[in-house]
Ligand SMILES: Cc1cc2nc3c(=O)[nH]c(=O)nc-3n(C[C@H](O)[C@H](O)[C@H](O)COP(=O)(O)O)c2cc1C
């Protein structure tokens, strides 16, 4: 038995990675939004493609500063992640509102989020597809990982307000013969 799914619902099947929080600005102009539409583009230099649209206040800040942080939340933050993606930071400080702790980044002015398991500092590397697709190509300039955190399961947005938390790890490293260098630390 099969069911047809409207082509416009492709995102429900092809969600590409963990849902992220994107911080922009800095100081009193700091802001954070939720983002599900992103993908790795290149290993070296490390490039990530992200859809951040003009409906987001973050879009204006990203355009103006050319910098952001991709913060990786875990399943315990799912409620905050959803709420952050359902309100604008144009007039409110979402860090205070959602109990997030801003920490200083090293290579960008946008803040890290202490509660997230990883923070990737990024600079806008290419805006060629922003006008057409709201697609920013970001270069990752620094990564900080919280190795002490107990909860480590990332969450994947199923496209409809439900999330899938990371589960079992399947180790196939012995078969990665062509791509052995990817397994270096
Ligand atoms: C689960 C989830 C995923 C989202 N993914 C994206 C996304 O990939 N790109 C985007 O522009 N907005 C996305 N949004 C919407 C923004 O997070 C939302 O517009 C947010 O309010 C923007 O905040 P800001 O106006 O303070 O920048 C998502 C929202 C949710 C709840």
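Every number in this text was worked out from the coordinates using simple rules, so none of it is lab data. Remember, it's a predicted structure, so these values are computed and weren't measured experimentally. In this analysis, Cβ positions are derived from the backbone assuming ideal geometry, glycine residues included, and neighbour counts consider all displayed protein chains.
Report the rotationally averaged projected area of the range 52-185 based on its alpha-carbon convex hull, in square nanometres.
10.5
Helix-only mean residue ellipticity at 222 nm, the chain, DSSP H runs n ≥ 4 weighted -39,500 (n - 2.57), per residue, nearest 500. What is it?
Taken over the chain, the calculation gives -3000 deg cm²/dmol.
So between residue 170 and residue 184, what do we pick up on full extension, going 0.36 nm a residue minus the alpha carbon distance?
Taking 0.36 nm per residue and subtracting the Cα distance, the gain is 3.3 nm.
Give me the distance between the Cα centres of the range 1-27 and the range 80-126, rounded to whole Å.
Computed from Cα coordinates, the inter-centre distance equals 20 Å.
When you count, for each residue, the other Cβ atoms within 10 Å and take the mean per peptide, how do 71-80, 150-159, 164-173 rank with the highest first?
For the peptides 71-80, 150-159, 164-173, the packing ranking is 71-80, 150-159, 164-173.
Residue 75 label point, 7 Å along Cα→Cβ, cut-off 20 Å on backbone N: hits in the range 86-119?
Only 115-118 pass the distance filter.
Find how much the distance from residue 41 to residue 3 grows on full extension, using 0.36 nm per residue of separation minus their present alpha carbon separation; answer in nm with one decimal.
10.5 nm
Most fluctuating residue of 145, 52, 137 in a GNM of the chain with Cα springs under 10 Å: which is it?
Top of the fluctuation ranking is 145.
Give me Rg over Rh for the range 1-117, both radii from the alpha carbons and Rh done the Kirkwood way, two decimal places.
Over the Cα atoms of the range 1-117, Rg/Rh equals 1.01.
Given R₀ = 41 Å, FRET efficiency for residue 144-residue 13 by Cβ-Cβ distance, to 0.05?
Computed FRET efficiency for residue 144 and residue 13: 0.80.
Taking 7 Å along the Cα-to-C-beta vector as the label spot, tell me the residue 60-residue 129 distance in nanometres, rounded to one decimal.
Label-label distance for residue 60 and residue 129, simple model: 2.6 nm.
Looking at the chain as a GNM with Cα springs under 10 Å, which of 61, 96, 107 has the largest mean-square fluctuation?
Of 61, 96, 107, the most mobile in the Gaussian network model is 96.
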